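First comes the structure, then the notes that go with it.
The values are calculated or read from the model by the stated rules, or taken from the named source; none is laboratory data. Please read these numbers as outputs of a predicted model, since none were measured by experiment. Here the Cβ positions follow ideal geometry from the backbone for every residue, glycine too, while neighbour counts run over all protein chains shown. What goes into the accessible areas is simple: the full protein's heavy atoms, side chains included, and nothing from ligands, DNA or RNA. Shrake-Rupley method; radii C 1.70, N 1.55, O 1.52, S 1.80 Å.
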Amino acid sequence: MKRFFIILFLIITVSNLYAQKVGIVLSGGGAKGLAHIGVIKALEENSIPIDYVTGTSMGSIVGALYSIGYTTDEMVALFHSKDFSMWLNGETDISLKYFFMQEDLSAEWLRLRLNRDTVVKAYLPTGIVAGYQMDFAFMQIMGRGEAAANYNFDSLMVPFRCAASDIYAKKSVIFKNGHLSNAVRSSMAIPLYFKPVKYEKGLLYDGGIYNNFPIDAMETDFNPDYIIGVQVSDNNENPSEDDLMMQIFNMTMDRSDYSIPEGKGLMIVPDVLSISTLDFSKADEIILKGYVAAMEKMPEILAAVQRRVDSTEVNIKRESFKTKMPEFNFDNVNITGLKRAHSKYVTGLFRRWSNEPRDLKSTRRYFYRLIADPTLDKLYPTSTYDPSSGYYSLNLDVTRSKNISAKIGGTISSSSTSQMFIELEHLFFGQIPIRFWGNGYFGRFYNAGKVAMRSYFTYPTLFSLEAGLQIDRWNYMEADPDIIFIDTRNAMMIKQDGEFYANLGLPLGMSGKVTMGPVMGVYKQQYYLNKQFLSNDKLDKSLMEYGGFHLTYERTTLDNRMYPTKGSEIFARAKGTSLGEKFQQGTSAEQLITADNTSKYFWDITLDYKNYMLHKGRVTFPFSVEFNFSRHDTLCNSMADLLATNAYRPTPYTQTVIFEDFRAQKYGAGSIGMLVRLFSNIHLLLDAHVFQPYQKDFLMADDEGNYFTERRGRFSGREYFCNATLFYNTFVGPLALNIRYMPHGSSHFYFMFNIGHMVFNKNWWDRN
C-alpha cells in the first residue's frame, strides 16, 4: 500500500510538472482589438488556462491589463468610462486644467513651432492627439502592477510580452522587463495620431508596423504547449476614403504572418474587419463578436487542451498578485531631458515635496500643472518603487518647447468684425524662463498691436510677472449691418487706447488665480455730439491720460471660453482710475465745450458668475449673473460719460456694438438659457437676458439733435434681449449662427454668422 501511494504521488508530480501550458497571442487592430476581451472571457468561462500573453498595440493593452489582474468586467468598465474617451481624444478634464499658466484666448487657427538653430527649422505636430493624458493614465493603471513584479514581466500575474517598432533601426522591439506602462504606450503609438516614445537612440511607434502578431516572442520566450492566436486585423484591408488611420496603417505596416505552426494551436478570427480602427462606440458589439468567435472554436480548444483552471483558482491567483501591489505614495521627482538651469526651475515647482510624500491625486495635479507650462512641450511620466523606503519616485522625461512659435488665424464674420490675427513668440529657457510675444489684429472693426513678456518664479512661492505695451482701436458702426451685403458704412464712434501695464499673478488651486498691477495709458474717444450728423462731419474727440490699479480674481472650469458647454466661471475685479481730460470739438457740436483741468477719479467693482453645470440628459440649463458698482466723476459731455461707463456685454455680438441702453454705473444683470446637444459637438443655445440699472443716465437728443443726459428714477431703464445660437466648436474656433431679438432699438432682429474666436486683446477700459 505504501508503494502504491508513492507511485501515485510521483504520477501527480510529473503530471503537474509537465502540465499543458497555454499562451495567447493578441494582434493589433485599434478598436477591433476589444474583441480580445470577449475571447478571454470565453476561455475563462470554459476553464481554459492562460499561462502567457503576448500582444501588439490594442492587443498589448488588453494583454497587459489581464497580466496585472484586471478581470474582463473591469476591462469593459474601463473602455466604457468617460476617462478612456478623454484619453483617446486627448481631452483634459476641466478640473485638471491649470488656469494660472493658460494663455489668453486668441483668434489662433494654426501654430507653427520653430527652433532657433543655425538654420531655422519648422516643426509640424507629430501627433494629432496630445498623449500626456494617456501617458499618465498608463502609469496610474500599470505602475503598481509593474512594481509588484519588480519590473520583470515574467513575474506579473501572467507572464507578458509586447512588441513595438523602432523606426530608426527598422525592426521590432520586444519588451520583457522595465516599465510596463512604457512598453504598452510604445506598442500603441499609432503614427501621426500619438507621439512616439523615446527608446535608447531611437523612437518607438506602434508595434504593428513590423510585428502585428508577436507569435515569435511567444515561442522564443515561453514555448507553450498550445497557442491560441486572435487576429483582428488583416494585411489586405482596403481603407475607406474617410478612414485616415487605416490609410496610415496601409502605408506604414509590413505584412504580418497570422498563422500558427500546424499542431501547435489555432487561430480565432472575430468578424470585426469591417469596423473602423477608432470606432470605440461599438465596444459592446466588438467584445461580443470576440466572444462568439471564441465559442465557435471552443470544442476544438477543449479537445486539444486537457488541463483546466477553474474561476476560483484564477481569482485566488489574481487577488494574491494584487495584494503585492504597493499603494501609490511619491516622495520625490526626477527630471531628465532638460539642461541644468531649466531643470532646476521645473524641480522648483515641486518644492514642497521635500517635506511630505504625495498621493496619486496630488501627484496628478502637479503633473497637469506642468503640462500647462508654456516652456515645456512634452512630459513622459513613469513611476519607480523603492522597497526600502516604501515610496515611489515620479520620473519625468521632459522635452522643452521650441524656441519660436508663430500663430496665424482670424475671424470670418457676416458683420464688420472679420479680422486677421498673427502672433510671434520667443521663449528663453532657464531657472527663470521668459516668454516674449507680440501680436496683431487687423480688421474693419478692430485693429490692435501688442508686445509683452511674462516670467514664472518658484521662490518663495510660485508667481508670475507680466508687462506689456499695447494699442487698440475699435470702429463702431452706425447701425446693424445687412447679413448679405458688403458693409460700406463709416464709423460713427471710434475708441483708441494705448497703454503700458504690469501684473503680478498668483495661482489659487488648479482653476483660480489672482492678478494685480498698475496701468498707464492714453484713451481717446471720437464721436458725434449731434444725432443729425453728416458722413463728412469731423468727429468730436475726448483725450484722457490715465493711470490705475486693479485687483482681479478669476476662477474658471469652462470647457470653452467663447461658447462653453460645461463648467463654471467666477470673475471679480476692483479697479481705480485717475485721469486728466482734454476735449477737441468737431463740426457737429453747436456749442463750445471745454474740459476742466481737475483730475477725475473712477472706482469700479465688477462681479460676474456663469454656470453650465445643470444637466439633464442632452440638455443643460446655463445661467449667469453680473453686478457692477461704480463711482465715476463727470466728464466734459454726456457722450464721453457714456463711452467710459461699464456695460453689460455677455455675448460675442454685444462686444462689437456700443450697446448704450445696457450701460450704467450701478447695475445688476443676468441670463437663463437652455443648451441642447443636437449631435456630438453641435449645440443649440437659447438664452434670455435682463439688465436692471440702479440709476441710469439716459442719453437723449433735443429737437436739434444735440445729445444731453437725463437722469431718471431708481430702477428704471430695465432692458431685455434674447438669443438663439447654433454653434459647432471646431479646432479653429467656433462656427456659429446667431439670431438676436431686442424689444427696443432701431432694429429688433440681428443675424450674425462667424467662424473662429471673436476675441480682442484685453485692455483697461474693456476688460470686464
In segment 421-443, residue surrounded by the most Cβ atoms within 10 Å (Cβ to Cβ) [restricted to those that are within 16 Å of TRP474 (Cβ to Cβ) and touching a residue at least 60 places away in the same chain (Cβ under 8 Å)]: TYR441
Some residue of segment 110-123 being at pLDDT 85 or above and within 21 Å of ILE68 (Cβ to Cβ): no
Residue in segment 344-355 that is open to solvent by less than 50 Å² (accessible area, probe 1.4 Å), under 23 Å from GLN102 (Cα atoms) and not in a helix (DSSP H, G or I) present: yes
Candidate set from segment 30-52 (those that are within 17 Å of GLU74 (Cβ to Cβ) and of a type in the set (Asp, Glu)); member that is most open to solvent (accessible area, probe 1.4 Å): GLU45
All strands (runs of 3 or more DSSP E) inside segment 131-221 with 3 or more residues being within 16 Å of THR56 (Cα to Cα) and open to solvent by less than 10 Å² (accessible area, probe 1.4 Å): 160-166
Any chance PHE679 is among the aromatic types (Phe, Trp, Tyr) and either open to solvent by 40 Å² or more (accessible area, probe 1.4 Å) or assigned to a helix (DSSP H, G or I) (or both): yes
Extreme residue, farthest from ASN89 (Cα to Cα), among residues of segment 230-257 that are at pLDDT 85 or above, out of contact with any Lys or Arg (no Cβ under 6 Å at 6 or more places or on another chain) and in a loop (DSSP other than H, G, I, E, B): GLN231
Selection count where residues are crowded, with 17+ Cβ neighbours inside 10 Å and over 19 Å from SER383 (Cβ atoms), scope segment 319-342: 2
Matching residues, segment 53-87, being surrounded by fewer than 24 Cβ atoms within 10 Å (Cβ to Cβ) and touching a Pro at 6+ places or on another chain (Cβ under 8 Å): none
Enumeration of residues in segment 644-670 that are touching a helix residue (DSSP H, G or I) at 6+ places or on another chain (Cβ under 9 Å) and not in a loop (DSSP other than H, G, I, E, B): ALA647, THR654, GLU660, PHE662, ARG663, ALA669
Subset of segment 88-110 [within 17 Å of ALA448 (Cβ to Cβ) and buried (at least 17 other Cβ atoms within 10 Å of the Cβ)]: SER106, ALA107, GLU108
Where ARG767 falls short, out of the listed (1) at pLDDT 75 or above; (2) basic (Lys, Arg); (3) within 30 Å of MET420 (Cα to Cα): (1)
Restricting segment 497-544 to residues that are in contact with a helix residue (DSSP H, G or I) (Cβ under 6 Å, 6 or more places away or on another chain) and assigned to a strand (DSSP E or B), the residue that is modelled with the lowest pLDDT: TYR527
Inter-residue pairs, beta-carbon under 8 Å, first over 24 Å from SER680 (Cβ atoms) and in segment 547-573, second at pLDDT below 95 and open to solvent by 50 Å² or more (accessible area, probe 1.4 Å), 6+ apart: TYR553/LEU508; ARG555/LEU508; PHE571/ASN768; ARG573/ASN768
When residues of segment 525-568 are limited to those that are aromatic (Phe, Trp, Tyr) and open to solvent by 10 Å² or more (accessible area, probe 1.4 Å), the one farthest from the chain's Cα centre (by Cα): PHE533
Strands (runs of 3 or more DSSP E) fully within segment 359-465 counting 1 or more residues that are among the small types (Gly, Ala, Ser) and within 14 Å of PHE136 (Cβ to Cβ): 376-386
Identity of the residue in segment 627-641, open to solvent by 10 Å² or more (accessible area, probe 1.4 Å) and within 39 Å of the chain's Cα centre (by Cα), that ends up farthest from TYR527 (Cα to Cα): PHE627
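Residue-by-condition table, conditions (1) surrounded by 13 or more Cβ atoms within 10 Å (Cβ to Cβ); (2) more than 19 Å from SER568 (Cα to Cα); (3) at pLDDT 95 or above:
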| position | (1), (2), (3) |
| --- | --- |
| HIS683 | yes, no, yes |
| GLN695 | yes, yes, no |
| MET700 | no, yes, no |
| THR709 | yes, yes, no |
| ARG714 | no, yes, no |
| GLY733 | yes, yes, no |
Filter pass, GLY23 being modelled with pLDDT of 95 or more, in a strand (DSSP E or B) and crowded, with 20+ Cβ neighbours inside 10 Å: yes
Contacts under 8 angstrom Cβ, first residue in segment 177-203 being in contact (Cβ under 8 Å) with a residue 40 or more places away in the chain and acidic (Asp, Glu), partner outside any helix (DSSP H, G or I) and surrounded by fewer than 24 Cβ atoms within 10 Å (Cβ to Cβ), 6 or more apart: none
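Within segment 569-585, identify whether any single residue is more than 46 Å from the chain's Cα centre (by Cα), polar (S, T, N, Q) and either at pLDDT below 95 or assigned to a strand (DSSP E or B) (or both), and answer yes or no.
yes
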Condition met for ILE408 (at pLDDT 90 or above, more than 25 Å from THR730 (Cβ to Cβ) and either crowded, with 19+ Cβ neighbours inside 10 Å or among the aliphatic types (A, V, I, L, M) (or both)): no
